[in-house]
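The values are calculated or read from the model by the stated rules, or taken from the named source; none is laboratory data. All figures in this text were calculated on a predicted structure; none of them were measured in a lab. For neighbour counting, all protein chains shown are included, and Cβ atoms are generated from backbone atoms with ideal geometry for every residue, glycine included. The area values use the complete protein model at the heavy-atom level, side chains included, leaving out ligands, DNA and RNA. Shrake-Rupley method; radii C 1.70, N 1.55, O 1.52, S 1.80 Å.
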Amino acid sequence: QVQLVESGGGLVQPGGSLRLSCTFSGSRFSMYVMGWYRRAPGNQREWVAAITGAGTTSYADSVKGRFAISRDNAKNTVYLQMNSLSPEDTAVYYCNARKPTGEYWGQGTQVTVSL
């Protein structure tokens, strides 16, 4: 079965950068649309970015121009490069793998943007 393991979260100052990674196992990685979501304290989970197996990307308006999603199909890994971080980006970030038959979630990694 599919397993997703996120890494790369942590504490960063406003204006800083982080790169999240999500390692996929248990199925054929290239068949899945990979995405990142986040949940800030007291908020609903929100979609952040997605990338198809062919590399087509899409972004939420709140992160467009600051975040970049990418994938390495040889390494079964998806990345989220986050730049110009602000306190409003503080959240638990979740990796998602989706195809028509179902979807899977990682356990989440905490990103805190603070002085």
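Numbers at a glance
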| read-out | value |
| --- | --- |
| For region 5-22, Karplus couplings with θ = phi - 60° (6.51, -1.76, 1.60), whole Hz, Gly/Pro x | 10, 8, 8, x, x, x, 9, 9, 7, x, x, x, 10, 9, 10, 8, 10, 9 |
| Estimated vicinal HN-Hα couplings, Hz - region 23-33 in sequence order (Karplus 6.51, -1.76, 1.60; Gly, Pro = x) | 9, 10, 8, x, 7, 8, 3, 5, 7, 9, 7 |
| Within the accessible area of the chain (1.4 Å probe), percent carbon and sulfur | 48 |
| Antiparallel bridges, percent of DSSP beta bridges restricted to the chain (to nearest 5) | 95 |
| Accessible surface of Asp61 - all protein chains present, 1.4 Å probe, nearest 10 Å² | 130 |
| Computed over the chain: relative contact order in percent, which uses C-alpha pairs under 8 Å that are six or more apart | 36 |
| Dimensionless Rg ratio for region 49-115, taking C-alpha atoms and the 2.2 N^0.38 Å reference | 1.19 |
| Extreme residue, positive dipole direction of the chain, given options Tyr59, Val111, Pro100 (C-beta unit charges) | Pro100 |
| Estimated translational D of the chain in µm²/s (Stokes, Kirkwood radius over Cα pairs; 37 °C; 0.692 mPa s) | 234 |
| Fully extended contour minus Cα-Cα distance, from Val5 to Arg66, at 0.36 nm per residue | 19.6 nm |
| Compactness of region 26-77 as Cα Rg over 2.2 N^0.38 Å, two decimals | 1.25 |
